[in-house]
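Right, one structure below, let's go through it.
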Amino acid sequence: GRDRAAGRLDRWRAELDRCFKGCAETPEGRRLQPHVARFGLPREPFEDLIGGVAMDLDQRRYETFADLREYCRRVASTVGLICVEIFGYRDPRTRTYAEDLGIALQLTNILRDVGSDLARGRLYVPLEDLERFACTEDDLRRGVMTDRVRALLAHQWERARTYYERACTELPPIDARRLVAAEIMKAIYFEILMRIRRSRYDVFSRRIGVPRPRRAVIAAATWAKTMMKAQSEIRKS
């Protein structure tokens, strides 16, 4: 239940503290501990990530997008902020890229999983958006693609696309090669977002994804594009 989950999170907070003090006890903590010093990993993203998971214990609705954005930052952007420390970067703007990319990925998941989340009693679409488009939770629960439901979901789609665009403009070329794995993930998730639009935002009939062969093609193309772009920047410098 909720108390048991909260207790487990408290134990992870304590273990995180031990990791940064050099006295980890769990197998996971002992595997993480040497990398804290090796990569100079900041503690705050780890704490925020645990805090984001804790939000799911008590919060099943979000009044505003500002509230939802904070949730996305904690459960998704934090992972990117940790990863860029491991991959390495030279331009501090890369951290902004990591933060906005995390939000873009999480917003894509939220849009894709509206139906399944509701089945578990959760709704991540901001309530202010439901009011704006004159939709109710029951409208979404029924999964019927009325004009109002489609407009609501199109608004969520546009918001996610905006964060992908931000990430595209924020990644400094000097750091692109180091972050090719993140760029591949961005490209695959953006493909999911585009497939949602091609389905006319029907995220209820089936779970929209990208088949494995197509993911491989996207990964190869993104790797080549990123490497060529990085090489071009090296020549300019």
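The values are calculated or read from the model by the stated rules, or taken from the named source; none is laboratory data. Keep in mind that what you see is a predicted model, and the values were worked out from it rather than measured. Cβ: placed from backbone, ideal geometry, glycine included. Neighbour counts: every protein chain shown. Remember, those area values only see protein heavy atoms, side chains included, never the ligands or the DNA or RNA. Shrake-Rupley method; radii C 1.70, N 1.55, O 1.52, S 1.80 Å.
Given Arg197, Arg215, which one is within 21 Å of the chain's Cα centre (by Cα) and over 22 Å from Arg150 (Cβ atoms)? Step by step, each of Arg197, Arg215 is checked, and only Arg215 is within 21 Å of the chain's Cα centre (by Cα) and over 22 Å from Arg150 (Cβ atoms). The residue of the stretch 98-116 that is surrounded by the most Cβ atoms within 10 Å (Cβ to Cβ), among those that are over 16 Å from Glu158 (Cβ atoms), more than 12 Å from the chain's Cα centre (by Cα) and of a type outside the set (Asp, Glu), is Gly115. Looking across Asp139, Asp147, Asp175, one residue alone is under 20 Å from Phe87 (Cα atoms), of a type in the set (Asp, Glu) and either in contact with a helix residue (DSSP H, G or I) (Cβ under 8 Å, 6 or more places away or on another chain) or surrounded by fewer than 17 Cβ atoms within 10 Å (Cβ to Cβ) (or both). It is Asp175. Residues that are modelled with pLDDT of 95 or more, over 20 Å from the mean Cα position of the chain (by Cα) and either surrounded by fewer than 19 Cβ atoms within 10 Å (Cβ to Cβ) or not in a helix (DSSP H, G or I) (or both) do not occur anywhere in the stretch 152-172. Among all positions in the stretch 124-142, there is no residue which is within 22 Å of the chain's Cα centre (by Cα) and modelled with pLDDT under 95.
Test Phe204 against the stated conditions and say whether it is open to solvent by 40 Å² or more (accessible area, probe 1.4 Å), in a helix (DSSP H, G or I), out of contact with any Lys or Arg (no Cβ under 6 Å at 6 or more places or on another chain) and not acidic (Asp, Glu). No. Scanning the stretch 126-136 for residues that are open to solvent by less than 40 Å² (accessible area, probe 1.4 Å) and touching a residue at least 60 places away in the same chain (Cβ under 8 Å) turns up Pro126, Asp129. Regarding the stretch 74-92, can at least one residue be identified that is open to solvent by less than 70 Å² (accessible area, probe 1.4 Å), without any contact (Cβ under 8 Å) to a residue 24 or more places away in the chain and not hydrophobic (A, V, I, L, M, F, W, C)? No: zero hits. The residues listed here are Ala224, Ala220, Ala230, Ala182; of these, the one that is farther than 29 Å from His155 by Cα, among the small types (Gly, Ala, Ser) and in contact (Cβ under 8 Å) with a residue 40 or more places away in the chain is Ala230. Scanning the stretch 26-60 for residues that are over 24 Å from Gly80 (Cβ atoms) and surrounded by fewer than 13 Cβ atoms within 10 Å (Cβ to Cβ) returns Pro27, Asp58. The residue that is most open to solvent (accessible area, probe 1.4 Å), counting only those in the stretch 61-73 that are under 18 Å from Asp100 (Cβ atoms) and of a type in the set (Phe, Trp, Tyr), is Phe65.
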